[in-house]
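**Student:** What follows is a single structure, and I will ask about it in a moment.
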Amino acid sequence: MQTERWKISVGGIVQGVGFRPFVYRLAGDRALTGFVTNTPDGVVIEAEGQPAQLRNFLDALRKEAPPLSQVGEIVAGPISLLHDNDFVLRHSTVFGPVSTLISPDVAVCQDCLVEFFNPVDRRFRYPFINCTNCGPRYTIVLRIPYDRPHTTMRDFVMCPACRREYDNPSNRRFHAQPNCCPDCGPQLGLVAVDGQRVAEREEAISEVVRRLANGEIVAVKGIGGFHLAVDAANGQAVSRLRRRKKREAKPLAVMVAGLETARKLCRLETMEEQALESQARPIVLATKKEDHGLAEEVAPGYDQFGLMLPYAPLHYLLLQGPVRALVMTSGNRSEEPICIENREAEERLAEIADCFLVHDRGIHLPCDDSVIALQGGMVRQVRRSRGFAPKPLELAGTGEMVLGVGAELKNTVCLLKGKQAFVSQHIGDLKNLEAYRVFQKSIDQLASLFEINPSLIVHDLHPQYLSSRWAEEQKTVPTLAVQHHHAHLVACLAENHHEGPAIGIILDGTGYGPDQTIWGGEMLVGDGSGYRRFGGLESLPLPGGDAAVQAPWRTAVSYLFAAYGENAPELPFMADHDCGMIRSMVRKKLNSPLTSSCGRLFDAVAAMIGGRQVIQYEAQAAIELMQTAEGLGEEVFPCEVYEENDMLKISVRSLIREVAQAVQTGMVQGEISRRFHAGLVAVFTRVAEEARRREKINTVVLSGGVFQNRLLLEGLLASLDRVGFEVLLHKELPCNDGCISLGQAVIGRESLKKG
Ligand SMILES: [Zn+2]
Ligand SMILES: [Zn+2]
């Protein structure tokens with residue numbers, strides 16, 4: 001057999017994930033000669049040997065790739081023979097621009113855990129243990145190439161033992177940039193509220209474990225920022241945390257040591273267990289068991305716990321004490337981004353935490369825990385952040401580099417380059433100054449890590465959003481404004497590699513419409529190049545705007561007034577409120593913007609049936625309304641549909657009248673909720689069928705935060721499926737506003753193609 005030499009280029013996530021040592025081993029096993037190196041475009045291999053071995057090698061490159069890598073395109077072709085003597089790992093001497101990818105942060109791996117719990121290992125109980133297959137990445141990288149001096153580990157000089165591991169291609173810590181040990185790496189310290197360091201290293205751990213058992217609130221520095229930790233079985237301690245954090249009712253995440261404990265707290269499906277144990281270690285929303293044994297205050301009035309397993313080695317140490325479940329909530333004051341620096345935490349969390357467990361490995365970018373939930377037969381993102389960002393989404397097509405700056409709430413940003421979409425970690429509410437800073441920093445970070453110079457910046461149609469204003473301030477790059485719900489539709493199409501057009505059922509709280517009303521219960525027909533508002537919920541007055549968002553009873557009074565006029569029935573919930581004031585605001589059109597919001601419709605119904613009148617966190621009224629239903633029944637509230645201004649309008653007023661009559665006849669809350677949900681499923685299916693008839697489109701996209709309501713999502717999915725629609729849902733991004741930046745960017749790219 002004739003010897004051949006092939007040049008092989010490998011793209012994707014192949015840097016800092018043990019890919020070159022892996023290639024080295026594969027080549028050795030097949031007696032190939034040549035070299036492997038990093039280049040600006042990924043890993044390049046030149047390999048010489050028998051063609052059968054080369055083919056086998058190529059095959060193994062993809063099939064046996066190391067766990068953290070994500071092999072993209074492989075290009076291979078023959079070149080001239082060089083007759084090398086061996087196969088070498090070539091250091092990348094000229095390290096030009098690098099477009100290989102930085103991986104997300106990864107939970108500590110099994111190999112490292114074995115060492116971590118081994119009393120004779122030199123890293124026994126060392127909280128910063130990591131290797132090529134695990135540890136922090138995105139949150140510690142300052143710039144590319146991903147090399148130690150370009151990470152927050154730059155100040156730690158490796159000891160000889162660590163250095164040997166780092167330099168040895170057959171060691172599992174070869175080129176593990178955060179590699180370190182107790183002799184040369186970061187250390188823990190415990191800081192009291194007065195700023196005094198009260199314990200170091202092992203002693204800090206045992207002191208924290210003791211304090212947690214005593215019900216203290218400990219701010220713990222982790223991978224993507226600080227957590228506030230407290231014993232989840234201690235009701236008083238959890239209440240104190242809620243009081244101090246000014247977080248009255250919103251569920252708090254819980255961390256347990258392993259699946260065994262998780263199973264005692266929640267009924268877990270296989271997919272939920274897999275998600276809990278995945279490398280990303282997200283918070284998984286799962287159904288509570290009756291006898292969970294945790295404090296009611298952890299998730300009051302909520303039928304699920306947000307569970308997660310340890311992902312930093314430190315977390316394992318915290319859970320080795322008597323406390324078997326820890327509340328681990330973001331270390332922030334309400335609505336602010338998570339704290340990442342020791343000083344910053346000691347200041348911003350001074351009134352919340354009893355002490356601070358800090359360390360000296362820097363966090364460059366804050367990254368909250370991700371949240372996922374099993375919905376419609378698949379695990380879906382609720383908040384995509386640590387463990388997922390900045391892993392790119394693969395797009396169907398390519399085009400120019402574009403930046404989408406996202407929505408105002410649940411903000412993310414997205415940069416397109418080639419076929420890849422880089423969506424940032426969850427940034428949060430931009431009205432918050434700290435979040436706005438993280439927004440700017442995240443754009444800079446993603447643009448520089450992946451070398452993206454956008455030729456267009458796309459922002460929301462709302463001129464007052466801080467993201468819109470930021471976009472307009474970037475004088476050198478042209479901008480484009482995109483409607484919020486159009487962005488939802490296109491994000492979902494892009495994730496599904498579907499060109500469209502599709503019928504978009506986009507249900508959420510708020511999005512600015514070109515008619516300057518607030519949209520939110522929309523049926524659009526369109527694709528990346530444009531859309532038409534086919535129909536949706538009719539618009540009704542929202543007395544007080546944001547004030548009504550906080551107080552669902554206001555919306556209820558207004559919608560009843562809209563449904564009945566002056567003869568609106570007196571329902572029991574009205575006794576506690578100043579309904580006259582609301583009616584007068586609506587009559588005089590005083591600060592009562594029109595909205596077709598689906599979120600507000602849920603609010604109104606919840607308040608009307610005697611549910612939540614004033615909310616303590618976003619969507620609380622709707623969540624509680626859904627929980628009372630416990631499934632969909634056969635009976636539905638019928639809902640009228642009418643044609644107006646070339647649109648098919650769904651009569652919210654007819655639904656409100658049905659609900660009001662049900663309340664008057666004494667129907668129980670659960671039954672009203674069931675019929676209301678089923679009524680929405682029925683009417684949206686009906687209008688979708690009409691859209692199909694008129695537009696000859698059989699694809700439906702479901703997007704918008706309201707679809708976090710599993711009853712509505714699963715009900716509508718089944719109903720649309722029954723009448724033969726192809727239904728597209730989000731796969732990798734949340735259905736809420738976290739997906740907006742992707743939709744914006746894709747629409748922007750389309751606009752550039754049209755010229
Ligand atoms: Zn490891
Ligand atoms: Zn060392």
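The values are calculated or read from the model by the stated rules, or taken from the named source; none is laboratory data. Model, not experiment: these values are computed from the prediction. In this analysis, Cβ positions are derived from the backbone assuming ideal geometry, glycine residues included, and neighbour counts consider all displayed protein chains. We work out accessible area using only protein heavy atoms, side chains counted, and drop any ligands, DNA or RNA first. Shrake-Rupley method; radii C 1.70, N 1.55, O 1.52, S 1.80 Å.
**Student:** So TYR166 passes all but one of these: (1) more than 16 Å from ligand 1 (Cβ to nearest atom); (2) open to solvent by less than 20 Å² (accessible area, probe 1.4 Å). Which condition number does it fail?
**Tutor:** In the conditions (1) more than 16 Å from ligand 1 (Cβ to nearest atom); (2) open to solvent by less than 20 Å² (accessible area, probe 1.4 Å), TYR166 misses (1) alone.
**Student:** Right, something else. Would you mind stating whether MET585 is in contact (Cβ under 8 Å) with a residue 40 or more places away in the chain and open to solvent by less than 40 Å² (accessible area, probe 1.4 Å)?
**Tutor:** On the way: in contact (Cβ under 8 Å) with a residue 40 or more places away in the chain: yes; open to solvent by less than 40 Å² (accessible area, probe 1.4 Å): yes.
Here the answer is yes, as MET585 does meet what is asked.
**Student:** Looking at this structure, is MET153 within 15 Å of ligand 2 (Cβ to nearest atom) and open to solvent by less than 10 Å² (accessible area, probe 1.4 Å)?
**Tutor:** It is true that MET153 is within 15 Å of ligand 2 (Cβ to nearest atom) and open to solvent by less than 10 Å² (accessible area, probe 1.4 Å).
**Student:** Is it the case that some residue within segment 120-127 is of a type in the set (A, V, I, L, M, F, W, C) and within 29 Å of the chain's Cα centre (by Cα)?
**Tutor:** Within segment 120-127, none of the residues are of a type in the set (A, V, I, L, M, F, W, C) and within 29 Å of the chain's Cα centre (by Cα).
**Student:** Condition (residue is assigned to a helix (DSSP H, G or I), open to solvent by less than 10 Å² (accessible area, probe 1.4 Å) and in contact (Cβ under 8 Å) with a residue 40 or more places away in the chain) applied to segment 218-232: is it met by at least one residue?
**Tutor:** no
**Student:** Restricting attention to segment 68-107, and to residues there that are at pLDDT below 85, under 30 Å from ALA280 (Cβ atoms) and exposed (fewer than 15 other Cβ atoms within 10 Å of the Cβ), which single residue is farthest from ligand 1 (Cβ to nearest atom)?
**Tutor:** PRO97
**Student:** Okay, moving on. List every residue pair whose Cβ atoms sit under 6 Å apart, with the two residues 6 or more apart in sequence or on different chains, where the first one lies in segment 171-187 and is more than 26 Å from PHE22 (Cβ to Cβ) and the second, anywhere, is within 13 Å of ligand 1 (Cβ to nearest atom) and open to solvent by less than 30 Å² (accessible area, probe 1.4 Å).
**Tutor:** Correct list of pairs: PRO182/TYR126; PRO186/PHE128.
**Student:** Tell me, which residue of segment 108-132 that is within 16 Å of ligand 2 (Cβ to nearest atom) and part of a helix (DSSP H, G or I) is surrounded by the most Cβ atoms within 10 Å (Cβ to Cβ)?
**Tutor:** So the first thing to find is which residues in segment 108-132 are within 16 Å of ligand 2 (Cβ to nearest atom), and the list is 112, 115-116, 121-132.
Remaining after also requiring part of a helix (DSSP H, G or I): 112, 115-116.
Details: CYS112: 22, GLU115: 16, PHE116: 18.
For segment 108-132, the residue satisfying everything is CYS112.
**Student:** Against the conditions (1) closer than 30 Å to GLU347 by Cα; (2) within 16 Å of ligand 1 (Cβ to nearest atom), where does HIS150 fall short? Just the number, please.
**Tutor:** Here HIS150 clears every test but (2).
**Student:** Here's a follow-up. Could you tell me whether segment 707-723 includes any residue that is surrounded by fewer than 19 Cβ atoms within 10 Å (Cβ to Cβ), part of a loop (DSSP other than H, G, I, E, B) and without any contact (Cβ under 8 Å) to a residue 12 or more places away in the chain?
**Tutor:** Scanning segment 707-723, I find no residue that is surrounded by fewer than 19 Cβ atoms within 10 Å (Cβ to Cβ), part of a loop (DSSP other than H, G, I, E, B) and without any contact (Cβ under 8 Å) to a residue 12 or more places away in the chain, so the answer is no.
**Student:** Give me the residue from segment 156-180 that is aromatic (Phe, Trp, Tyr) and within 13 Å of ligand 2 (Cβ to nearest atom) and, out of that set, modelled with the lowest pLDDT.
**Tutor:** Result: TYR166.
**Student:** Looking only at residues in segment 302-326 that are small (Gly, Ala, Ser) and in a loop (DSSP other than H, G, I, E, B), which one is farthest from ALA619 (Cα to Cα)?
**Tutor:** Ranking the qualifying residues of segment 302-326, first place goes to GLY321.
**Student:** Got at least one residue in segment 414-424 being under 24 Å from SER103 (Cβ atoms), among the small types (Gly, Ala, Ser) and touching a Phe, Trp or Tyr at 6+ places or on another chain (Cβ under 8 Å)?
**Tutor:** The answer is no; no qualifying residue exists.
**Student:** Within the bounds of segment 326-349, is there any residue that is small (Gly, Ala, Ser), touching a strand residue (DSSP E or B) at 6+ places or on another chain (Cβ under 8 Å) and open to solvent by 10 Å² or more (accessible area, probe 1.4 Å)?
**Tutor:** Yes: segment 326-349 contains one or more residues that are small (Gly, Ala, Ser), touching a strand residue (DSSP E or B) at 6+ places or on another chain (Cβ under 8 Å) and open to solvent by 10 Å² or more (accessible area, probe 1.4 Å).
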